[in-house]
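Novice: Sending over a structure as structure tokens; questions will come in a sec.
The values are calculated or read from the model by the stated rules, or taken from the named source; none is laboratory data. Everything numeric in this text was worked out from a predicted model, so none of it was measured. All Cβ positions, even for glycine, are placed from backbone atoms using ideal geometry, and neighbour counts span all protein chains on display. Side chains included, ligands, DNA and RNA excluded: accessible areas come from the protein's heavy atoms. Shrake-Rupley method; radii C 1.70, N 1.55, O 1.52, S 1.80 Å.
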Amino acid sequence: MADPVVRIPDAKVALSTASVYPESTATAFETASRLGYDGVEVMVWTDPVSQDIEALRRLSDYHQIPILAVHAPCLLITQRVWSTDPWVKLQRAQAAAEKLGAGTVVVHPPFRWQRQYARDFVTGIWRMANETDVRFAVENMYPWRYRDREMLAYAPDWDVTKDDYRHFTIDLSHSATARTDALQMIDRMGDRLGHVHLADGSGSNKDEHLVPGRGTQPCAEVLERLARTGFDGHVVIEVNTRRAMSSAEREADLAEALAFTRLHLASALKVPRP
């Protein structure tokens, strides 16, 4: 005979500050605290507060919610944030993480037109990872598509498992856009999976970042696998709420995402009775 036992991994569930856009970074801290998230991941972008370490520290202290990760400014709209030199951006992201007590820096692979950066990226990330306790978790991306045309926008590759990194981030919205199997990608990442961006997608050409459970990605299965394997990284809700008609509707989406995540991280195991 065996009784089911619920096992909940040590993974903390955080809210990406990008999830409240077009509202502010400050709003993300308030929302995460009120809804019961374990922490936040700061997306460093054009909001001046997201770039200001002291302002972020004050928000963290005021709302009593830790900053668990820093997402380096890797987007097209952040090309001039924290310098135009991509290595300087990563150095500043590392320094911010260290000062704020965040354990992870999330980084995208380079754009193909960043030729020198792309050429040195894998060895450079290893070099930086060897200089700090902060994890540099490189995130899977996707091909860019327009109608029936496809462009490979990232180098060395959008599928980061084709290269050798110490830590990975899996993003399920990106796996949907890439039309790749997220569970197989996690298998390839193995014990180097250090960070999760949880969102859903339908496989369209757009990077949708739907609330988990509203698309076709195996969000529940991924969370249950994390629970079974004792995953101790962070699970970050990174969803698109731009279409929310009000702050209340946005908050309801973020509460639903948190409930979904906590439910599926609670994995029922069968263990023998003593």
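Novice: Quick check on this structure: which one of D200, D187, D191 is among the acidic types (D, E), in contact with a helix residue (DSSP H, G or I) (Cβ under 8 Å, 6 or more places away or on another chain) and surrounded by fewer than 24 Cβ atoms within 10 Å (Cβ to Cβ)?
Specialist: D200
Novice: Cβ-Cβ under 8 Å, sequence separation 6+ or interchain: first residue in region 87-114 and closer than 22 Å to I170 by Cα, partner crowded, with 21+ Cβ neighbours inside 10 Å and among the basic types (K, R). Which pairs?
Specialist: G103/R135; T104/R135; V105/R135
Novice: Six or more apart or on different chains, Cβ atoms under 9 Å: show the pairs whose first residue is in region 208-226 and at positive phi and whose second is open to solvent by 50 Å² or more (accessible area, probe 1.4 Å) and outside any helix (DSSP H, G or I).
Specialist: From residues that are at positive phi, the pairs are H209/N240.
Novice: Give all pairs with beta carbons closer than 6 Å in which a residue from region 41-55 that is closer than 22 Å to A137 by Cα meets a residue that is open to solvent by less than 60 Å² (accessible area, probe 1.4 Å) and modelled with pLDDT under 95; count only pairs at least 6 apart in sequence or on separate chains.
Specialist: Pairs that qualify, where the first residue is closer than 22 Å to A137 by Cα and the partner is open to solvent by less than 60 Å² (accessible area, probe 1.4 Å) and modelled with pLDDT under 95, are W45/T78.
Novice: When the residues of region 219-242 are narrowed to those that are surrounded by fewer than 18 Cβ atoms within 10 Å (Cβ to Cβ) and part of a loop (DSSP other than H, G, I, E, B), which ends up modelled with the lowest pLDDT?
Specialist: Taking the candidates together, the pick is G230.
Novice: Here's something else I'd like to know. Within region 47-93, track down each residue that is of a type in the set (A, V, I, L, M, F, W, C) and loosely packed, with under 14 Cβ neighbours inside 10 Å.
Specialist: Selection gives L76, I77, V88.
Novice: Here is a follow-up. Of these, A96, A32, A18, A28, which one is within 16 Å of the chain's Cα centre (by Cα) and either within 27 Å of D163 (Cβ to Cβ) or open to solvent by 10 Å² or more (accessible area, probe 1.4 Å) (or both)?
Specialist: A18 is the lone residue from the list that is within 16 Å of the chain's Cα centre (by Cα) and either within 27 Å of D163 (Cβ to Cβ) or open to solvent by 10 Å² or more (accessible area, probe 1.4 Å) (or both).
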